[in-house]
Amino acid sequence: MTAANRTSDGSFVLMQLGTRRFALPSDIVAELAPPVRLHSFPHSAPLLAGVIVRRGHVVPVYDVAPILLGRSASQHRFYLIALRDFGKVSEPSAIPVDGECELASAEIQPPDAGQPAYVSGRLTLGGESVDVLDLEALVLSQSFGTGKTDRTEALS
């Protein structure tokens, strides 16, 4: 089972990016980490901001704000660390977030028509509509510059 295909039990982690909130299924979220030194290096991956070292692991940091908000995040307060699958191995990846995250239980609804492939559904929480993200599709949507979300298609 891949991180993108894991089924949530109705539990989601809500994260703040700019003035908007987004959700990830709670079963792929590992932790909310305090800000640590971001190590950057020359690379060509558009979303890769650099790496952090967390619990003895090098964790890639993906700045997804340009895709989700249309602009880069100016500053962040935490790193939301979630699992991405590479074959049979799950490895952590980090997203810079602007505020504390919270756990919410809700029934996921299908995404609205015309939503990008990285939006796997939406939650309605107290009158607020929150997009549920497919982290794998979100990262791959720009990593290969194709807009495709399947690794095999993106590599072809």
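The values are calculated or read from the model by the stated rules, or taken from the named source; none is laboratory data. In this text, all values refer to a predicted model and were calculated from it rather than measured experimentally. Note that each Cβ is placed from the backbone with ideal geometry, even for glycine, and that neighbours are counted across all protein chains shown.
Out of the residues in the range 67-80 meeting the condition of being hydrophobic (A, V, I, L, M, F, W, C) and not in a loop (DSSP other than H, G, I, E, B), tell me which one is surrounded by the fewest Cβ atoms within 10 Å (Cβ to Cβ). Full working, then the answer.
To start, the set of residues in the range 67-80 that are hydrophobic (A, V, I, L, M, F, W, C) comprises 67-69, 73, 78, 80.
Right, trim to not in a loop (DSSP other than H, G, I, E, B) and you get 67-69, 78, 80.
Working: Ile67: 17, Leu68: 20, Leu69: 14, Phe78: 20, Leu80: 23.
Looking at the filtered set, the residue picked out is Leu69.
Return yes or no: is Leu83 in contact with a helix residue (DSSP H, G or I) (Cβ under 8 Å, 6 or more places away or on another chain) and either part of a loop (DSSP other than H, G, I, E, B) or touching a residue at least 24 places away in the same chain (Cβ under 8 Å) (or both)?
Details: in contact with a helix residue (DSSP H, G or I) (Cβ under 8 Å, 6 or more places away or on another chain): yes; either part of a loop (DSSP other than H, G, I, E, B) or touching a residue at least 24 places away in the same chain (Cβ under 8 Å) (or both): yes.
Yes, satisfied.
Is the range 100-115 home to any residue that is touching a helix residue (DSSP H, G or I) at 6+ places or on another chain (Cβ under 9 Å), within 15 Å of Ala137 (Cβ to Cβ) and of a type in the set (A, V, I, L, M)?
no
Could you list, in sequence order, all residues of the range 102-125 that are under 15 Å from the mean Cα position of the chain (by Cα) and among the hydroxyl-bearing types (Ser, Thr, Tyr)?
Selection gives Tyr118, Ser120.
Take the residues of the range 44-66 that are in a loop (DSSP other than H, G, I, E, B) and farther than 14 Å from Ile81 by Cβ: which is modelled with the highest pLDDT? Talk me through it step by step, then tell me what you get.
To start, the set of residues in the range 44-66 that are in a loop (DSSP other than H, G, I, E, B) comprises 44-47, 55-56, 63-64.
Filter again for farther than 14 Å from Ile81 by Cβ, leaving 44-47, 63.
Details: Ser44: 75, Ala45: 81, Pro46: 81, Leu47: 87, Asp63: 91.
It comes out as Asp63.
When the range 1-43 is examined, which residues are found to be of a type in the set (Val, Ile, Thr), touching a helix residue (DSSP H, G or I) at 6+ places or on another chain (Cβ under 9 Å) and at pLDDT 85 or above?
Keep residues of the range 1-43 that are of a type in the set (Val, Ile, Thr), which gives 2, 7, 13, 19, 28-29, 36.
This time we only want the ones that are touching a helix residue (DSSP H, G or I) at 6+ places or on another chain (Cβ under 9 Å), so: 2, 7, 13, 19, 28.
Scanning the range 1-43 gives Val13, Thr19, Ile28.
State which residue is farthest from Thr19 (Cα to Cα) when the search covers only the range 86-120 and only residues that are free of Cβ contacts under 8 Å to residues at least 24 places away in the same chain, part of a loop (DSSP other than H, G, I, E, B) and not charged (D, E, K, R).
Top of the filtered list is Gly87.
Please find, within the range 71-101, the residue that is modelled with the lowest pLDDT out of those that are under 10 Å from the mean Cα position of the chain (by Cα) and either farther than 23 Å from Gly56 by Cβ or not β-branched (Val, Ile, Thr) (or both).
Filtering first and then ranking leaves Arg84.
Considering every residue within the range 118-137, establish whether at least one is at pLDDT below 85 and either of a type in the set (S, T, N, Q) or in contact with a Ser or Thr (Cβ under 9 Å, 6 or more places away or on another chain) (or both). Show your work before the answer.
Quick first cut of the range 118-137, residues at pLDDT below 85 only: none.
No.
On the given criteria, is Ser156 over 19 Å from Ala65 (Cα atoms), polar (S, T, N, Q), over 13 Å from the mean Cα position of the chain (by Cα) and modelled with pLDDT under 90?
Values: over 19 Å from Ala65 (Cα atoms): yes; polar (S, T, N, Q): yes; over 13 Å from the mean Cα position of the chain (by Cα): yes; modelled with pLDDT under 90: yes.
Here the answer is yes, as Ser156 does meet what is asked.
For the range 40-62, name all the residues that are surrounded by 12 or more Cβ atoms within 10 Å (Cβ to Cβ) and not β-branched (Val, Ile, Thr).
Ala45, Pro46, Leu47, Leu48, Ala49, Gly50, Arg54, Pro60, Tyr62
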